[in-house]
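Quick notes on the structure that follows.
The values are calculated or read from the model by the stated rules, or taken from the named source; none is laboratory data. Here the structure is a predicted model, which is why all the values come from computation and not from measurement. When we count neighbours, we look across all protein chains shown, and the Cβ atoms used for this are built from the backbone with ideal geometry, even at glycine. These accessible areas exclude ligands, DNA and RNA; they are computed on the full protein's heavy atoms, side chains included. Shrake-Rupley method; radii C 1.70, N 1.55, O 1.52, S 1.80 Å.
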Amino acid sequence: MINTQTLTDQIIEGEASYLAQTYKRPPFVLVHGDGMTLFDSEGNAYTDWVAGIAVNIFGYNDAGVQRAITAQLANGIIHTSNLYHTAPHVRLAKLLVEHSFADRVFFTNSGTEANEAAIKFARKLAYEAGKPEKHELVTFSNAFHGRTMGSITLTPREKYQKPFKPLLPGVKVAEFNNLASAQAIINDNTAAVFVEPIQGEGGINVATTEFLKGLRDLCDQHSALLVFDEIQCGMGRTGTLWAHEPSGTTPDIMTIAKPLAAGLPIGAVLMTQRVADAMHVGEHGSTFAGGPLVTSVALEVLSRVTQPDFLTHVQTVGAYLIEQLSKIVIPIVKDVRGRGLMVGLELTRDVAARVVELGYAHGLLMVNAGANVIRFVPPLIAEKSHVNQLVGHLTTILERVNNE
Ligand SMILES: *Cc1c(COP(=O)(O)O)cnc(C)c1O
């Protein structure tokens, strides 16, 4: 019989010895999962309010996702590269176009790569128009667009940017939800304006309809592209397929990624015909992107997420989550906000990491969004019973932290 304690220690010590130390992980090892629940190597169960950071849209051990993977494996092809025609990425692109503002799609392997592609497409459009000076990019306070050099330049946080300078030239930062501040820096040299309709990492901040509409107008005035980063808030998470839908505005480019293939790595850039027309053969590419295995799984995800019943479920459970969290009356709780199953609970002190840490002993996986916000982005299969369980434990934890 295997000594599980030893196995756990071996993995944790191995991580400390062999991995670049860029992540801080809690002291347990996850070994299997089912539905909303993950289990560690010692048999402890955790209800998952993180979903691998808004990725595992159907939770764990999902039969449909497993069928999509096995069906594609049965064809014997995981990868062919973009040198050749294959079927699944075409079917996926068609479905994405049918369900959005977009005319065309470019696939990537991650969120940050989708934003890098969006930067290149925006600059290429201006270049094609004979305006190389129209290369500036606009981003907002508390934005998160990724970790590669272009995307971190669009992510105005000292900790992420400072050690890696020089960054991309021509990026300007305005205040989120402040239209006057955006107006002051958007001009005819602006190639694109990047905004998350609901900011994720930055603390679950919902862009107002007025703000998104105002950005649309400013972009039209200065023929700049409006880019919605829906990498975290898109794909049904907020109770509509796309988070920008309730605002009545549409972008020129939308980037998506996290949940698109239910845990397999994928990203996509959705764009209008005008943007697509600026890109020609050989001007951008990726070895892995849009491969038959990942896109087969994404087809399964998209065909289920677009079902009205699925989105209604997210709206119902999301509203219940906000309602129940709002009933926690403890002085340390400052605000509850969000939409659908993308919800933040703001604290009066920078102790979100402490709350997350205390959650483990209660069988809860949670994640912070900044120092003072606890973020709830569970699998979209979460039920009201999971909310009740969460709120019970969380109340105990918050009472304790309140008194610390
Ligand atoms: C996670 C995230 C990214 C980066 O995606 P990666 O796949 O980690 O590169 C970009 N934008 C937003 C809004 C995100 O939440």
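For this structure, a couple of remarks:
- Meets criteria (closer than 19 Å to residue 219 by Cα, among the acidic types (Asp, Glu) and either open to solvent by 40 Å² or more (accessible area, probe 1.4 Å) or within 16 Å of the ligand (Cβ to nearest atom) (or both)) for residue 133: yes
- Residue under evaluation residue 235, criteria (1) within 13 Å of the ligand (Cβ to nearest atom); (2) more than 26 Å from residue 304 (Cα to Cα); (3) in a loop (DSSP other than H, G, I, E, B), criterion not met: (2)
- Within segment 339-352, considering residues that are of a type outside the set (D, E, K, R) and open to solvent by 20 Å² or more (accessible area, probe 1.4 Å), the one farthest from the chain's Cα centre (by Cα): 348
- Whichever residue in segment 176-202 is in contact with a Phe, Trp or Tyr (Cβ under 7 Å, 6 or more places away or on another chain) and more than 12 Å from the ligand (Cβ to nearest atom) and, among such residues, is least open to solvent (accessible area, probe 1.4 Å): 176
- Candidates are the residues of segment 60-107 that are in contact (Cβ under 8 Å) with a residue 60 or more places away in the chain and basic (Lys, Arg); the one that is farthest from residue 276 (Cα to Cα) is 67.
- Note on segment 192-209: residues that are farther than 18 Å from residue 179 by Cα and among the aliphatic types (A, V, I, L, M) amount to 1.
- Hits in segment 277-301 - residues which are crowded, with 18+ Cβ neighbours inside 10 Å and under 29 Å from residue 224 (Cβ atoms): 278, 279, 289, 290
- Among the residues here, residue 89 qualifies as assigned by TED's automatic domain parsing to the domain that holds residue 243, under 14 Å from residue 267 (Cβ atoms) and either within 16 Å of the ligand (Cβ to nearest atom) or modelled with pLDDT of 95 or more (or both).
- Pairs with Cβ under 7 Å, 6+ apart, first in segment 190-219 and modelled with pLDDT of 95 or more, second of a type in the set (Lys, Arg) and outside any loop (DSSP other than H, G, I, E, B): 191/123; 198/339; 204/337; 204/375; 206/337; 206/339
- Test: residue in segment 80-92 that is touching a strand residue (DSSP E or B) at 6+ places or on another chain (Cβ under 7 Å), under 26 Å from residue 227 (Cβ atoms) and not hydrophobic (A, V, I, L, M, F, W, C): yes
- Residue 250 vs. criteria touching an Asp or Glu at 6+ places or on another chain (Cβ under 6 Å) and over 22 Å from residue 344 (Cα atoms): no
- Residues of segment 353-383 that turn out to be open to solvent by less than 20 Å² (accessible area, probe 1.4 Å), of a type outside the set (Val, Ile, Thr) and under 16 Å from residue 205 (Cα atoms), as a count: 3
- Tabulated pairs, segment 146-170, first in contact (Cβ under 8 Å) with a residue 40 or more places away in the chain and under 16 Å from residue 231 (Cα atoms), second hydrophobic (A, V, I, L, M, F, W, C) and within 13 Å of the ligand (Cβ to nearest atom), C-beta under 6 angstrom, 6+ apart or interchain: 154/194
- Yes/no for residue 110 being within 16 Å of the ligand (Cβ to nearest atom) and either surrounded by fewer than 18 Cβ atoms within 10 Å (Cβ to Cβ) or touching a residue at least 60 places away in the same chain (Cβ under 8 Å) (or both): yes
- Test: residue in segment 240-254 that is within 10 Å of the chain's Cα centre (by Cα), open to solvent by 10 Å² or more (accessible area, probe 1.4 Å) and touching a residue at least 12 places away in the same chain (Cβ under 8 Å): no
- Residue that is most open to solvent (accessible area, probe 1.4 Å) [pool: residues in segment 136-165 that are of a type in the set (Gly, Ala, Ser) and more than 11 Å from the ligand (Cβ to nearest atom)]: 141
- Of the residues making up segment 92-107, those that are away from the ligand (no atom under 16 Å from the Cβ), surrounded by 13 or more Cβ atoms within 10 Å (Cβ to Cβ) and not acidic (Asp, Glu) are 92, 93, 95, 96, 97, 99, 100, 101, 102, 104, 105.
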